[in-house]
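Where a number appears in this text, it was derived from the coordinates with a stated rule and is not lab data. Nothing here was measured: the structure is a model prediction, and the numbers come from that model. Counting neighbours? That spans all protein chains shown, and the Cβs are built from the backbone with ideal geometry, glycine included.
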Amino acid sequence: MPATAAIEVSELVKRYPGVVALDGVSLRVEQGEFFGLLGPNGAGKTTLISIVAGLSRATSGRAAVMGHDVVADYRAARSRIGVVPQELVFDPFFTVRETLQFQSGYFGLRENDGWIDEVMAHLDLTAKADANMRTLSGGMKRRVLVAQALVHRPPVIILDEPTAGVDVELRQGLWAFIRRLNREGHTIVLTTHYLEEAQQLCARIGMLKSGRLIALDRTQALLQRLADVQVTLRLRGELPATLRAQASEQGDGRVTLRVASAAEVEGVLAACREAGAAIEEVEVGHADLEDVFMQLMASDREGAGA
Amino acid sequence: MSGAGVTERPDRRGKPRATLSEDAPRPAAGSAGFRTLLAKEVLRFWKVSFQTVAAPVLTGVLYLLVFGHVLEDRVQVFPGVGYTAFLIPGLVMMSVLQNAFANSSSSLIQSKITGNLVFVLLPPISTREFFLAYVAAAVTRGVVVGAGVFAVTVWFAPPAFKAPLWILVFAFSGAGLLGVLGLIAGIVSDKFDQLAAFQNFVIMPATFLSGVFYSVHGLPPFWQAVSHLNPFFYLIDGFRYGFFAVSDASPWLSLAIVLAAAAAASAVALSMLARGYKIRS
């Protein structure tokens, strides 16, 4: 029997009047994973997270956290999950420490100051412990949101766009801390618009489009779906007809060609020379998650993943 | 912490530290969730007590000064009771009711609009705990403001305390009823102006027309009958009975009506919360 999934959703449907936000999503995130949930705005990422966190109710289907149904067994489910919401929300009446103490109390932890101090230290909040939430900068408020999600040491942590509008230094610090939590055994689920971050951090990725899961695979496997190497050229002259099928315009006068391996780059250059097109600029690179993402989003639904 | 699933690993300073790599036992939030939410709600209004306590006390005193001064020599509502003495319990109860309503309704709508309600929706707090915490905080504010108004106005015309238990019973049940109504208004409203409409077009007229400033016995029969349909009338009337042992309706009837109204409102509020109406989309 497989171990209990950190998060398991099956046939999840969420309909709002006139909109299908989730159209039958099934997904399993294993314990200890660093999982990325990607998709364009309106794809259903936040809806999915909200249902798992109990903030929203599914029209049909079920969701469970560490084996506990989020509706029938909501106390057990909610006490095992920490959510960093996308919106920069705060309660203007309280200080950072009060905010974290109240959050602990809501989870039944009355004497939690040791852990609160530790979390604040890791997030560089100690100096602001007694500052009112209103007086904090956006980045500091974001850190408090992360701290609030961690006060009850949840085994499952969901971060919904945690680095939106956050400066580079905080982003690096935040990821170092989240990676550490992951190493210590916490399951991390991340949504982000920064695909570079997802590629670096997440071992497995699910992609949502219009409420459906269109890809679900290890990050490496997703990257390998696209031809491995791409050559970007600026030519004086026409691209040979034999290469046009594998080329895409960059919009700045350059064309990008996908080839299976580095060995084929030579053939592309030779074909151009033979056709009389002078090569003014060459750039060789690997496909990244953004390329995969763009291709999957552009393609039809047939690509639904493994 | 100890138990299955908790792994102890030393941190850099060599101290053992619990991490949750597996499914560790979780504390039962139970009443701690309720107590924390109540404490948060009380601290919320207490931190701005100048606005939430001192201001309504001043308003109550102004009413007393103006109406008491103008009407003291012209109106005698109950035999042997001066108008100012008659007015004081009415003003105290009006303050209790309006502030209990204001507390739960404004706290909830602020949290909804600013989005920080998410902090109490994510934890394992039950519908009942949520309900009780908001209502208990509303009762606290209502009673604190009422006590403040009483403490300041009582010197103008010390009233009798003929049946003090009734005073407490109506103060708390009235604050509770309005706390529940405030909760409902906060749940239903999406914007501040909707809540303001509820406050200005329902709560204000109902409290003003409940006999705070007059005895309904002095009204024409039609308006007397209308007044008897207003549950707030029974709150003011029963509360005043505690001071003078004289009232328009029997305090037992008043209590029965207030409790019935509170039970009905609570059923509505609990059902909305259980369904997640406008809170868990």
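Odds and ends about this structure:
- In plain terms, the chain from residue A:234 to residue A:290 could stretch by 18.0 nm, reckoned as 0.36 nm per residue minus the Cα-Cα distance.
- Whole-number percent relative contact order across chain A, with pairs defined as alpha carbons under 8 Å at least 6 apart: 19 percent
- Relative to the dominant Cα principal axis of chain B, helix B:251-275 is inclined by about 30°.
- Note on the stretch B:151-167 and the stretch A:1-39: Cα centroid distance 62 Å, given to the nearest whole angstrom.
- The lysines whose alpha-carbon is closer than 30 Å to the alpha-carbon of residue B:162, local same-chain residues fewer than 8 away aside, do not include any residue.
- Ranked for footprinting exposure by Cβ neighbours inside 10 Å, fewest first, B:254, A:261, B:104 give A:261, B:254, B:104.
- Quotient of Cα Rg and 2.2 N^0.38 Å for the stretch B:83-149, N being how many residues it contains: 1.39
- Each Lys and Arg adds +1 at its Cβ and each Asp and Glu adds -1 at its Cβ; summed about the Cα centre, the protein assembly as shown shows a dipole of about 1500 debye.
- Excluding same-chain neighbours fewer than eight residues apart, the aspartates and glutamates reachable from residue A:209 by a Cα-Cα span under 18 Å are A:11, A:23, A:160, A:161, A:217, A:290, A:291, A:300, A:302.
- Rounded to 10°, Cα long-axis angle of helix A:138-150 versus longest principal axis of chain A: 70 degrees
- Cα-projected label distance for residue B:147 with residue A:135, points at 7 Å along beta-carbon direction, nm: 3.1 nm
- Counting only Cβ charges, +1 for Lys and Arg and -1 for Asp and Glu, the dipole size of the stretch A:1-78 around its Cα centre is about 280 debye.
- Label-to-label distance, nm, for residues given as residue A:87 and residue A:16 (7 Å Cα→Cβ offset): 1.1 nm
- Within the protein assembly as shown, antiparallel bridges make up roughly 70 percent of the DSSP beta bridges whose residues both belong there.
- Our coupling estimate for the stretch B:82-96, obtained by passing each phi through the Karplus curve with A = 6.51, B = -1.76, C = 1.60 and θ = phi - 60°, is x, 5, 4, 4, 5, 6, 3, x, x, 5, 4, 5, 4, 5, 4 Hz, Gly and Pro reported as x.
- Estimated vicinal HN-Hα couplings, Hz - the stretch A:53-60 in sequence order (Karplus 6.51, -1.76, 1.60; Gly, Pro = x): 7, x, 7, 9, 10, 6, 5, 7
- Tensor-based shape of the protein assembly as shown (alpha-carbon gyration tensor, a/c under 1.5 rounded, otherwise prolate or oblate): prolate
- Under Karplus coefficients 6.51, -1.76 and 1.60, residue-wise ³J(HN,Hα) of the stretch B:184-193 in Hz, glycine/proline x: 4, 4, x, 5, 6, 6, 9, 9, 4, 6
- From least to most packed, judged by other beta carbons within 10 angstrom and beginning with the fewest, A:212, A:134, A:143, B:44 follow the order A:134, A:212, B:44, A:143.
- Amide H contacts under 5 Å for residue A:209: A:214, restricted to partners 5 or more places along the chain or on a different chain, H placed in the peptide plane at 1.01 Å from N.
- Among the listed pairs A:14/B:191; A:14/A:45; A:45/B:191, a Cα-Cα separation exceeding 22 Å is found for A:14/B:191; A:45/B:191.
- Using just its DSSP H runs of length 4 or more, each adding -39500 (n - 2.57), the protein assembly as shown gives a mean residue ellipticity at 222 nm of -15500 deg cm²/dmol after division by all residues.
- Cβ-Cβ FRET estimate between residue A:127 and residue B:280, R0 fixed at 45 Å, reported to 0.05: 0.80
- Proximity of backbone amide H atoms, modeled 1.01 Å from N, is registered between residue A:61 and A:13 at under 5 Å, excluding neighbours fewer than 5 places apart on the same chain.
- The stretch A:98-191: C-alpha gyration tensor shape, a/c 1.5 cut-off, then a/b vs b/c: oblate
- Built amide H within the under 5 Å cut-off of residue A:189, gap 5+: A:35, A:157, A:158, A:159
- Kirkwood-based Rg to Rh ratio, chain B, C-alpha trace: 1.11
- If R0 equals 41 Å, the separation of the Cβ atoms of residue A:169 and residue A:271 corresponds to a calculated FRET efficiency of about 0.30.
- For B:144, B:53, B:92, order by how many other beta-carbon atoms lie within 10 Å, fewest first: B:53, B:144, B:92
- Between 0 and 90°, nearest 10: helix B:55-71 axis offset from chain B longest Cα axis: 10 degrees
- Residues residue A:183 and residue A:298, FRET efficiency given R0 of 35 Å [Cβ-Cβ distance, rounded to 0.05]: 0.45
- Listed by chain and number, the lysines whose C-alpha is less than 17 Å from the C-alpha of residue B:40, apart from same-chain residues fewer than 8 away, are B:112.
- Using the Cβ of residue A:26 as centre and a radius below 13 Å, the other residues enclosed give a net charge of 0, where K and R count +1 and D and E count -1.
- Here the spin labels are modelled as points 7 Å beyond Cα on the Cα-Cβ line, and at residue A:71 and residue B:252 they lie 4.7 nm apart.
- Computed about its Cα centre, the charge dipole of chain A is approximately 900 debye, with only Lys, Arg, Asp and Glu carrying charge at their Cβ.
- Cβ-based net charge around residue A:173, under 12 Å, with every Lys or Arg adding one and every Asp or Glu removing one: +2
- Relative contact order, percent, chain B [alpha-carbon distance under 8 Å, six or more residues apart]: 22 percent
- Three-way shape label, the stretch A:7-223, alpha-carbon gyration tensor, a/c 1.5: prolate
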